[in-house]
């Protein structure tokens, strides 16, 4: 880099000296000036080539160092996650007893930004307070159905009435089977060949009011091949006496 700077300084000096010459002197010194500039050009080209080779030699080592650093960071993150998973302390954690095991189920935190939807929260909350009943939050994508559902999940009246509350994000469940497995997972149930039967039986055996939120259900409900099974599953859930069902879904009219 120092050599390149020196050459550029020489070129600058050469050009500046041309500006100081009169037209007549400049005419007679054209050959000399051209030779000086050509020499500077060759020297600059050589310096740039040397610089390129130096960089080429250092880049692989630099890339290797970056890769090693990323690997160390990755391992550190995995250790942190393992520590977090094994820790008994966690934000927004709800514990409950299931037969012989005590499960820790993670609920989404209350929305940091939530304005202008108090009317909807009040209406849904009142419906859930009256008696366990299926409630659907309908609308196109991006209007805040998920935020509304989570706000209801944490409403003081809902928390007071429903000792068990489950929030199940269903956007990744593209089939009825995937939906059943997703719900079973968030209920803390063991894997099963027929998870929908296990889910229904488990919820029927609960003797305390329970709220189940199925958000983004349209992923599994929209396809014709799985719609009937999804609707049958919802019908079975709706028939459970102690269960209140809240569904967030994009109707076909908005697709």
Determine, for 125, 210, the number of other Cβ atoms within 10 Å of each Cβ, and report the residues in order from fewest to most. 125, 210
When 143, 240, 152, 224 are arranged by how many other beta-carbons sit within 10 Å of their Cβ, fewest first, they go 224, 143, 240, 152
Starting with the fewest neighbours, write out 185, 233 ranked by other beta-carbon atoms found within 10 Å of each beta-carbon. 185, 233
Using label points projected 7 Å from each Cα along Cα→Cβ, tell me how many nm separate residue 131 and residue 35, to one decimal. 10.8 nm
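Quick note: the coordinates plus some simple rules give every number you see, no bench work behind them. On a predicted model such as this, the values are computed, not experimentally measured, just so you know. Note that each Cβ is placed from the backbone with ideal geometry, even for glycine, and that neighbours are counted across all protein chains shown.
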